[in-house]
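Worksheet for the structure shown next.
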Amino acid sequence: MEDHADAFEIVQRAIGYHFSDVSLLTTALTHSSYASENEVDSYERLEFLGDAVLELAITVEIFRALEDAPEGRMTRIRAAIVDEATLAAAARRVGLPAALRLGVGEDRSGGRERSSIQSDVVESVLGAVYLDGGADASLGVVLRLLGDTVADRLAASHVSDSRSSLQEHFARKGQIVLFEYERSGPDHAVVFTATASVDGHLIGTGSGGSKKAAAIDAARAALGDS
């Protein structure tokens, strides 16, 4: 494993932020197992702070990107971004596992490769950045770590959530959207046509290579008129 000082420098370059107080980064990369063996502070308090920083930053990005989206939809998108697997992948991309300070036993048992620890340390580093550089600095690091993921989730939501958005729109009025499908064309080039209706009234029509795609297209058409 690389010397910690070198690993810390790699992390700072990767996240695009250099600490004025490097001791904050040191604490952010210190697991409780190392802390108990060496009588120093662990990253747990910084993790608590970083969790709030991360959630706020992602919430603001979603809120700005999805005008008029209902709370439930925004919550689902946020949950798909701020999860253990996503954060652990971000940790590995910027070299956090190599920089972690672990107790001897924890290191030998594979703690450095645990997704739970990797995701926790992303949050602790964000907490450290917030204390060292403030809200704008921490937001910048969040976007460097997770910006592509946020963009991908938002792009996917514009497509896959149109059907859900339509159903939610009419559910608020106590109405149910029904989809009906017709299949046409040969097996190698099948086309589905979907019609969306409410209380027997046609509200949208769409087509696609699958029932799901056709329903999404019909939902988009209906949303444009609703």
- prompt: Among the GluC sites (Glu not before Pro) within region 30-130, which fall in a DSSP loop and have no more than 15 other Cβ atoms within 10 Å of their own Cβ?
  reply: E39, E67
statement: One can check that the equivalent ellipsoid of region 132-194, built from the alpha-carbon gyration tensor with semi-axes equal to the square roots of five times its eigenvalues, has lengths in Å, largest first, of 40, 21, 4
- prompt: From the square roots a ≥ b ≥ c of the eigenvalues of the alpha-carbon gyration tensor of region 12-85, which class results: rounded (a/c under 1.5), prolate (a/b over b/c), or oblate?
  reply: prolate
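Not counting the cut sites, what is the longest span of the chain without trypsin sites (Lys or Arg not before Pro) that DSSP labels loop and that have at most 11 other Cβ atoms within 10 Å?
1-171
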task: Using R₀ = 25 Å, calculate the FRET efficiency as 1/(1 + (r/R₀)^6) where r is the Cβ-Cβ separation of L56 and A85; round to 0.05.
output: 0.75
field: Computed label-point distance, nm, for sites S23 and R76 using a 7 Å Cα→Cβ extension
entry: 4.8 nm
message: Within region 164-201, name every residue whose backbone N is under 16 Å away from a label modeled 7 Å from Cα of S207 along the Cβ vector.
response: 181-196
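I'd like the per residue volume of the convex hull spanned by the Cα atoms of the chain, given in cubic angstrom.
That works out to 158 Å³ per residue.
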- request: Work out the FRET efficiency for S115 and S32 from their Cβ-Cβ distance, taking R0 = 25 Å, and round it to the nearest 0.05.
  value: 0.90
query: Going by the alpha-carbon gyration tensor, a ≥ b ≥ c the square roots of its eigenvalues, is region 162-225 rounded (a/c under 1.5) or, if a/c is not under 1.5, prolate (a/b greater than b/c) versus oblate?
result: prolate
- prompt: With Cβ to Cβ distances under 14 Å as the rule, what net charge do the other residues near S33 carry (K, R +1; D, E -1)?
  reply: -3
Dipole of the chain, positive direction: furthest Cα of S36, L143, T195, with charges on the beta-carbon: T195
Rounded tilt (10° steps) of 71-81 against the dominant C-alpha axis of the chain: 50 degrees
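FYI, it's all coordinate maths here, none of it is from the lab. All of these numbers come straight from a predicted model, not from anything done at the bench. Reconstructed Cβ throughout: ideal geometry from the backbone, glycine too, with neighbour counts over all protein chains shown.
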